[in-house]
Amino acid sequence: MTTAPPPQPFAYLNAPKAQLHGQVLGVFAQARERFTVHLRPEDVVAELRQAPEQQAFSLEAVGASLEQLVEWGNLRADADTGRVTSVEDFHRARYLYQLTRHGQAALRAVALYEEALGQRGQLQSVALADIAEQLGPLLALAEQEDPDPAKVHLALLQLADRFGSLADNAQAFMASLRRTVDFQDGDEEAFIAYKDRLVEYIERFIADLANRGAQIADLIDRLEVAGVGRLLLAAARREAVDAVPLGDEGADEAEADRARQAALAPALAAWENRWRGLSDWFLSRSSRRPSQAKLLRGAAVSAITGLVNTVAALNERRGGRSDRSADFRALARFFAEAPDDAAAHRLWRAAFALTPARHLTVDATTEAAWQDADLAPATPWGEAPPLEISPRLRETGSYERRGAPNRVADRTAARQALAEQVEREAAQTAAARARLATDGPVLLSALAGPDGLDTQEFRLFLAVLGDALSARVPGESESSAITGDGTMEVRLKLVDAEQVVEIRTVDGVLSGPEHVVEIIDLAPAGDPE
């Protein structure tokens with residue numbers, strides 16, 4: 001007993017007559033859209049001849065293509081007995097052809113692939129408004145004690161469809177925008193004119209995203225508080241009922257319940273995953289996990305900068321200003337016009353300066369002179385003790401004199417001094433950390449106390465304050481952050497943007513809006529760092 005070979009519905013893409021096979025399958029796809037199931041070979045030929053800009057193929061070529069597509073599993077051939085009028089017609093092979101499920105799947109996959117490649121995408125400001133409008137009724141359903149499952153399911157389906165369109169189009173648009181920013185050659189005049197419209201388009205979307213994004217984030221927060229899980233479970237249960245086939249009249253009800261529960265779990269997981277994607281798109285979980293909307297705004301702003309830089313480069317090129325490629329072409333011409341090898345070598349040294357270098361080293365005598373002079377780091381070389389260089393360095397290329405090697409400098413004292421300095425700075429940092437740590441939330445104006453902050457405390461305070469402010473999401477009044485070394489956590493909440501307070505320090509007075517601040521020392525007890 002022989003088994004049929006597995007279908008190969010994508011084989012036609014790499015076949016010698018791929019163009020003919022593709023056009024024949026296209027005829028069947030169009031016929032299916034017209035609800036026509038079967039086609040004869042002459043019907044396919046007639047459709048090919050009517051199609052604009054299609055190459056004409058003979059009936060024999062189309063028939064061979066149909067047979068090959070049947071062999072690959074794209075089409076199915078059924079005997080055509082409808083036109084049999086004689087015994088000769090009965091024995092002559094006549095077939096009706098129709099698409100198989102493998103052929104339909106291959107056509108859909110190829111069409112989706114070509115659509116994805118050609119999609120430029122768009123930033124859908126209207127989709128943002130639609131999502132905000134759809135979240136409103138969903139919130140009203142979440143606040144009901146017993147919401148209608150049908151309304152919940154329909155609202156979630158519409159929301160998922162609109163959000164999916166927004167995310168896919170934004171991804172495609174940013175990908176096409178990167179290709180536009182990387183513009184090298186083409187119609188420069190059209191590109192510059194297109195740039196102005198594109199920048200205006202992106203700026204308008206950024207403004208809409210900032211406004212609508214804050215509204216959507218607030219609605220998502222309220223939905224999660226109201227219990228969006230109940231809505232997701234209701235939608236999943238409704239889909240699970242449709243997913244379970246009806247059994248026989250004598251089927252066990254307990255077995256049917258187990259089947260529904262088995263279908264419920266993947267449906268609920270799918271809806272929870274969709275909701276997580278929506279919330280992550282508009283809500284920043286932490287400073288290390290910004291929302292996708294925030295990342296999209298950053299990418300759009302960067303794209304505007306890239307467009308401006310590209311246009312500036314094009315204007316410089318059109319204005320005759322030299323760029324790197326023009327410089328290298330001119331340098332290549334200089335090399336080609338060099339009269340001899342010696343001149344070429346001189347040109348090489350002048351252009352690239354890739355000649356051997358003799359680096360100076362600081363000896364122990366110079367180090368001792370610098371330490372005795374107690375020089376500040378910003379001391380100019382001309383005012384520092386000079387570095388004496390042996391004439392042998394110029395004559396022989398070596399600064400070492402002949403004879404016994406120099407004695408190894410004893411750096412024990414220097415290492416001890418560095419260790420003491422590190423220990424002293426660590427103790428100062430630990431003291432500043434203990435000084436700034438609060439027992440709970442306090443007002444920013446009361447943090448410094450009557451004595452103010454010293455230099456070390458103020459420097460550490462500015463560092464943790466900067467981390468907290470940089471982690472704040474636009475439109476929110478609270479933020480928290482952990483310092484880069486993991487030793488402190490700061491929590492900040494704006495009290496009144498109009499109320500300005502002052503913090504006195506040894507270095508001056510810091511002014512800013514009043515906040516409630518909480519600083520937590522995360523370093524282990526007894527660990528200075």
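The values are calculated or read from the model by the stated rules, or taken from the named source; none is laboratory data. On a predicted model such as this, the values are computed, not experimentally measured, just so you know. In this analysis, Cβ positions are derived from the backbone assuming ideal geometry, glycine residues included, and neighbour counts consider all displayed protein chains. Just the protein is used for accessible areas: all its heavy atoms, side chains included, with ligands, DNA and RNA removed. Shrake-Rupley method; radii C 1.70, N 1.55, O 1.52, S 1.80 Å.
Tally time: how many residues in segment 427-452 are among the charged types (D, E, K, R) and open to solvent by less than 30 Å² (accessible area, probe 1.4 Å)?
Here is the first cut: in segment 427-452, the ones among the charged types (D, E, K, R) are 433, 435, 439, 451.
From what is left, the residues that are open to solvent by less than 30 Å² (accessible area, probe 1.4 Å) are 433.
Within segment 427-452, residues that are among the charged types (D, E, K, R) and open to solvent by less than 30 Å² (accessible area, probe 1.4 Å) number 1.
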- Item | Leading residue by the ranking (nearest to residue 267 (Cα to Cα)) among those in segment 220-241 that are within 27 Å of the chain's Cα centre (by Cα) and surrounded by fewer than 19 Cβ atoms within 10 Å (Cβ to Cβ) | 224
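State whether one or more residues within segment 457-480 are over 30 Å from residue 210 (Cβ atoms), part of a strand (DSSP E or B) and in contact (Cβ under 8 Å) with a residue 12 or more places away in the chain.
Of segment 457-480, the ones over 30 Å from residue 210 (Cβ atoms) are 457-461.
Subset that is part of a strand (DSSP E or B): none.
Looking for residues that are over 30 Å from residue 210 (Cβ atoms), part of a strand (DSSP E or B) and in contact (Cβ under 8 Å) with a residue 12 or more places away in the chain, one finds none in segment 457-480, hence no.
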- How many residues of segment 478-487 are touching a strand residue (DSSP E or B) at 6+ places or on another chain (Cβ under 9 Å) and either open to solvent by less than 50 Å² (accessible area, probe 1.4 Å) or β-branched (Val, Ile, Thr) (or both)? The answer is 5
- Note on the structure: If you go through 486, 466, the only one that is at pLDDT 80 or above and under 28 Å from the mean Cα position of the chain (by Cα) is 466
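Restricting segment 500-509 to residues that are without any contact (Cβ under 8 Å) to a residue 40 or more places away in the chain and touching a strand residue (DSSP E or B) at 6+ places or on another chain (Cβ under 9 Å), which is surrounded by the most Cβ atoms within 10 Å (Cβ to Cβ)? Walk me through it before giving the result.
The first filter runs over segment 500-509 and keeps only residues without any contact (Cβ under 8 Å) to a residue 40 or more places away in the chain, leaving 500, 508-509.
Applying the additional criterion that residues be touching a strand residue (DSSP E or B) at 6+ places or on another chain (Cβ under 9 Å) yields 500, 509.
Values: 500: 11, 509: 9.
Here the answer is 500.
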- Item | Residues of segment 508-529 that turn out to be at pLDDT 85 or above and closer than 14 Å to residue 460 by Cα, as a count | 1
- Query: Is it true that residue 212 is farther than 28 Å from residue 125 by Cα, modelled with pLDDT under 90, among the charged types (D, E, K, R) and surrounded by 12 or more Cβ atoms within 10 Å (Cβ to Cβ)?
  - Reply: no
- Query: What are the residues in segment 7-50 that are open to solvent by 90 Å² or more (accessible area, probe 1.4 Å) and without any contact (Cβ under 8 Å) to a residue 12 or more places away in the chain, if any?
  - Reply: 14, 16, 33, 34, 35, 49, 50
- Task: Please identify the pairs in which a residue from segment 227-241 that is over 15 Å from residue 139 (Cα atoms) has its Cβ atom under 9 Å from the Cβ atom of a residue that is of a type in the set (Lys, Arg) and open to solvent by 50 Å² or more (accessible area, probe 1.4 Å), counting only partners at least 6 apart or on another chain.
- Result: 237/260; 240/260; 241/260
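Could you tell me whether any residue of segment 488-499 is part of a helix (DSSP H, G or I), buried (at least 16 other Cβ atoms within 10 Å of the Cβ) and among the acidic types (Asp, Glu)?
Start the filter on segment 488-499 by keeping residues that are part of a helix (DSSP H, G or I), which leaves none.
Within segment 488-499, not a single residue is part of a helix (DSSP H, G or I), buried (at least 16 other Cβ atoms within 10 Å of the Cβ) and among the acidic types (Asp, Glu).
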- Within segment 1-34, tally of residues that are at pLDDT 80 or above and outside any helix (DSSP H, G or I): 9
- Within segment 270-311, the residues that are modelled with pLDDT of 75 or more, open to solvent by 20 Å² or more (accessible area, probe 1.4 Å), hydrophobic (A, V, I, L, M, F, W, C) and under 18 Å from residue 173 (Cα atoms) are 281, 295, 299, 301
- Task: Only residues that are under 27 Å from residue 478 (Cβ atoms) and not acidic (Asp, Glu): list them for segment 260-285, please.
- Result: 275, 276, 277, 278, 279, 281, 282, 283, 284, 285
- Message: Take the residues in segment 331-349 that are among the hydrophobic types (A, V, I, L, M, F, W, C) and exposed (fewer than 10 other Cβ atoms within 10 Å of the Cβ); name whichever of them is modelled with the highest pLDDT.
- Response: 336
